[in-house]
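Colleague: Let me give you the structure first, and then I'll get to my questions.
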Amino acid sequence: MCGILGIVERHARLTTGLPSAAARMRDALAHRGPDGWGLVMLDGDAVEERSATGPAMRRPRVADAPRAAILGHHRLAIIDLSAGGHQPRSTPDGRFWITYNGEIYNYRELRRDLESIGFRFQSESDTEVLLTLYVREGAKCLERLRGMFAFAIWDDREGTLFLARDRFGIKPLYCSDLPAGPFVFASEPKACLASGLVPADGDPAAAALFLRRGCLPARVSYYRRLTPIPPGHWARWDGDRRATGEYWSLDTTVAAFATRETSADEAGRAVRQALAASVEAHMVSDVPVGVFLSGGLDSTAVVAAAREIHTGTLRTFTVAFPGTPWDESALARQAAARYGTDHTEIALTADRFFADLDRFFDAMDEPTADGVNTFVVARAAREAGLKVVLSGVGGDETLGGYDSFVDVPRLWRWLQAGRAPVARRVLAALVERAPARWAPKVAEMLREPPASLPALWGQYRALFTRSQISALAPGQHAKPAAEFGDPDGGAGDPFWQIARCEIEEFMIPQLLRDADAYTMAWGLELRTPFVYHAFLAAVGAAGRGPRRRGESWKTTIFRHMNGFLPPSHLGRRKEGFTLPFDRWLREALAAARPRDDTFAALLGAPRSRAIVDGFLRGRLHWSRPWALYVLERFRQRRHGHETGATRASP
């Protein structure tokens, strides 16, 4: 796990100022890799390598290189802790250079395959294996990789840059979208912006997209001149144009899944085996691996699987909220005792939460209404000396743990009841007056009937309705098709339609993006065994078991794992790993003196005040005022206190 960066010129010599730009990018990524850094400058007829450990070194470059380039890397040493893991790294002939972030879990198997056909290695790192495999197979090598990764490989002879990102986009990778000048890429937007080569202009549609979703789509950045490499894709830049390709598709994968139903016991057995194999792969490391343990089913299952594989000390971490109904620390302690872990609890109070918000927003590169919980527990794990943790992220999306797997198909059937348009409008007006949190969304579903199950899922998952966004951000609209992927793309088994939506439109752009940002803010690598293409393929091939009445598919699956999980965990309704936001926001917004200027802005602007009042009266969920607070704080941090939708007033 690391931070990567690069600047590529369109000609053979570096423009004055580009080495300084690269150094600023490197410094902006220091939090991602506290174990060292490297920069390599391929300029004219020479290669200059700089690192944190010694003086600069110069050597001849390959002959007649058509373009100049700078590659950089900040290292978090996890596999091959020696200098053999230093990056950027080149092939022995100096033609290919790599800067790489992530872990290839099957690198030892790939190395054996390469050695069997004559390749020899100088280190024990997965970086060298990845570079060698690419040199041999090109983009086809991506199909053989099992892991999480984002990397860039520079071909100095041809003057081409190859970029790639893992199947689920666990590791981030941004690149510039500029009509002229150097091509820039990095692990985080802040590094690209630090170069001074990429303007910080925001996308006019970004605010509306964020208010609709609580995050931005996986293919979108808040910054107009930055583009994320999409999950499961590669890109190649040759100085004139950027070509792209897809090597893995969630849609194609899900479409091939077995539609047959199986018994609950068979489903439980298949998931347990697949999880055990995935956790074993995710334990590959030369440093100790811990686990985030929330007290819920997913993280407890990861701990259970890790304990079956690992007999030594296993560290677990949970956040406690003393004296609140949201405190699941007792369940986490029970699980820790059952599986014999070295357990740490982090008590989080409102005062500590608000005191840490400045650091939280410093780490926020894209606006998100989530992530605080990850930020808090990641800090504790890193302060305890860990570099790697496993998480239960992805269990709900892949195993059917959310209410949406039941609610959305049920709503779809209700909305298909054949009501005339006039009747729909009348019913929508009546529903909208209901004193319930769900009323605005259901009214929108009636006024704007969805064309497919995925489109309905988007309305169900939406943070704000379109009419609320129009009031909050006049003139800022996102087309419905841009809000949640393809709204007309529904086909096949309803379960896997919802799973695809939850994975592509929620887990990837929000949970995984946040997980990377807020663990790497502390120099901590987070691994997600449920988010693994081999696990998903095994679950899909096994067929879907029955759902016990009154519980989720996921809970029924875990119930049929023959004592794998504690009985005390199986009878509880899903709560999620969240914070006591409702109480804390009520206290902050009801205080005679607001905690900060942003809370004062929320209370003072008529448009946002309506949302705040709705929350205080119990008609809106806490996530709505929190999203407005996040958007305003994000804009202040990124644009020098730019006036945003939450401050606008007529």
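Colleague: Just the Cα atoms of segment 161-255: what Rg and Dmax do they give in Å?
Modeller: My reading of the Cα-based Rg and Dmax gives 14.0, 44 Å.
Colleague: Starting with the highest mean, order 186-192, 503-509 by the number of other Cβ atoms within 10 Å, averaged over the residues of each peptide. List each step's numbers first, then the result.
Modeller: Working: 186-192: 26.3, 503-509: 23.7.
Listed from highest to lowest mean packing, they are 186-192, 503-509.
Colleague: Count the net charge of all other residues whose Cβ sits under 10 Å from the Cβ of Glu124, scoring Lys and Arg as +1 and Asp and Glu as -1. Could you put the intermediate results ahead of the total?
Modeller: On the way: positive: Arg108, Arg111; negative: Asp80, Asp126, Glu128, Asp286.
My count for the surroundings of Glu124 gives -2.
Colleague: Could you sort the peptides 377-390, 350-363 by per-residue average Cβ neighbour count (10 Å cutoff), highest mean leading? Working shown, then result.
Modeller: On the way: 377-390: 20.5, 350-363: 14.5.
Going from most to least packed, we get 377-390, 350-363.
Colleague: First check a/c for segment 92-251, with a ≥ b ≥ c the square roots of the eigenvalues of its C-alpha gyration tensor; if it is under 1.5, answer rounded, and if not, answer prolate when a/b is larger than b/c or oblate otherwise. Intermediate results must be reported in sequence, preceding the final value.
Modeller: Working: a/c = 2.44, a/b = 1.66, b/c = 1.47.
Prolate shape, in that a/c is at least 1.5 and a/b is the bigger ratio.
Colleague: Taking all protein chains as present, what is the carbon and sulfur share of the accessible area of segment 329-383, in % to the nearest whole number, probe 1.4 Å?
Modeller: The value for segment 329-383 is 43 percent carbon and sulfur by accessible area.
Colleague: If you roll a 1.4 Å probe over segment 148-227 with all protein chains in place, what percent of the accessible area is carbon or sulfur? Mind dumping the intermediate values first?
Modeller: Numbers: 930 of 1870 Å².
The nonpolar share, carbon plus sulfur, comes to 50 percent.
Colleague: Additional query: Ranked from the most accessible area to the least, with a 1.4 Å probe and all protein chains present, what is the order of Tyr339, Tyr460? Before the final figure, lay out the partial values.
Modeller: Working: Tyr339 25, Tyr460 55 Å².
Descending order: Tyr460, Tyr339.
Colleague: With a 1.4 Å probe and all protein chains in place, put His560, His533, His11 in order of accessible area, largest first. Mind dumping the intermediate values first?
Modeller: Working: His560 60, His533 40, His11 90 Å².
From most accessible down to least: His11, His560, His533.
Colleague: Can you tell me the relative contact order of segment 38-153? Whole percent, Cα pairs under 8 Å, sequence separation 6 or more. Intermediate values should be presented prior to the final figure.
Modeller: Numbers: 171 pairs, mean separation 27.0, N = 116.
After rounding, I find 23 percent.
Colleague: Using packing as a proxy for protection, rank 547-557, 164-174 so that the peptide with the highest average count of other Cβ atoms within 10 Å comes first. Walk me through the numbers before you get to the answer.
Modeller: Numbers: 547-557: 18.3, 164-174: 25.8.
Most protected by this proxy first, the peptides run 164-174, 547-557.
Colleague: Taking only DSSP H segments of four or more residues, each worth -39500 (n - 2.57), what value at 222 nm results for the chain once the sum is divided by all its residues, to the nearest 500 deg cm²/dmol?
Modeller: Calculated mean residue ellipticity at 222 nm is -11500 deg cm²/dmol.
Colleague: Now a separate question. Is the shape of segment 53-133 rounded, prolate or oblate, going by the alpha carbon gyration tensor and its root eigenvalues a ≥ b ≥ c, with a/c under 1.5 for rounded and a/b larger than b/c for prolate?
Modeller: On the way: a/c = 2.01, a/b = 1.34, b/c = 1.50.
Because a/c hits 1.5 or more and a/b fails to exceed b/c, segment 53-133 counts as oblate.
Colleague: From the phi angles alone, apply the Karplus equation (6.51, -1.76, 1.60; θ = phi - 60°) to segment 15-22 and give each ³J(HN,Hα) in whole Hz, x where the residue is Gly or Pro.
Modeller: 5, 3, x, 5, x, 5, 4, 5
Colleague: Once Rh for segment 21-66 is found with the Kirkwood sum over Cα pairs, what is the Stokes-Einstein diffusion coefficient at 4 °C and 1.567 mPa s, in µm²/s?
Modeller: Details: Rh = 11.9 Å.
After rounding, the answer is 109 µm²/s.
Colleague: When the Cα centres of segment 250-292 and segment 46-88 are compared, how far apart do they sit, in Å?
Modeller: A separation of 37 Å, based on Cα centres.
Colleague: I need the semi-axes of the equivalent ellipsoid of the chain: take the C-alpha gyration tensor, multiply each eigenvalue by 5, square-root it, list largest first in whole angstrom.
Modeller: 40, 30, 25
Colleague: Any chance you could run the full-extension gain for Arg572 through Arg260? It's 0.36 nm times the residue separation minus the Cα-Cα distance, nm to one decimal.
Modeller: Working: separation 312, 0.36 × 312 = 112.32 nm, distance 2.84 nm.
That works out to 109.5 nm of additional length.
Colleague: By the gyration tensor of its Cα atoms, with a ≥ b ≥ c the square roots of the eigenvalues, what is the shape of segment 505-594: rounded for a/c under 1.5, prolate for a/b over b/c, or oblate?
Modeller: Details: a/c = 2.59, a/b = 1.48, b/c = 1.75.
Because a/c hits 1.5 or more and a/b fails to exceed b/c, segment 505-594 counts as oblate.
Colleague: Keeping all protein chains in position, work out how much accessible area Ser263 exposes to a 1.4 Å probe, and write it in Å² to the nearest 10.
Modeller: Ser263 exposes around 50 Å² with every protein chain in place.
Colleague: How long is segment 214-258 along each principal axis, judged by its Cα atoms, biggest number first, in Å?
Modeller: Largest to smallest, the principal-axis extents are 43, 33, 8 Å.
Colleague: Right, something else. When each pair of different Cα atoms in segment 79-173 is counted once in the 1/r mean, what is the Kirkwood radius in angstroms, to one decimal? Don't skip to the answer; put the middle values down first.
Modeller: Values: mean 1/r = 0.0746 Å⁻¹.
One over the average 1/r among Cα pairs gives 13.4 Å for segment 79-173.
Colleague: Taking only protein heavy atoms into account and a 1.4 Å probe, give the accessible area per residue of segment 254-327 in Å². If you can, show how the numbers build up before the last one.
Modeller: Numbers: 2900 Å² over 74 residues.
Per-residue value: 39 Å².
The values are calculated or read from the model by the stated rules, or taken from the named source; none is laboratory data. Just so it is clear, the structure is predicted and the values come from calculations on it, not from any experiment. A quick note on method: Cβ atoms are made from the backbone with ideal geometry, for glycine too, and the neighbour counts reach across all protein chains shown. Areas reflect the complete protein model, heavy atoms only, side chains present, ligands, DNA and RNA absent. Shrake-Rupley method; radii C 1.70, N 1.55, O 1.52, S 1.80 Å.
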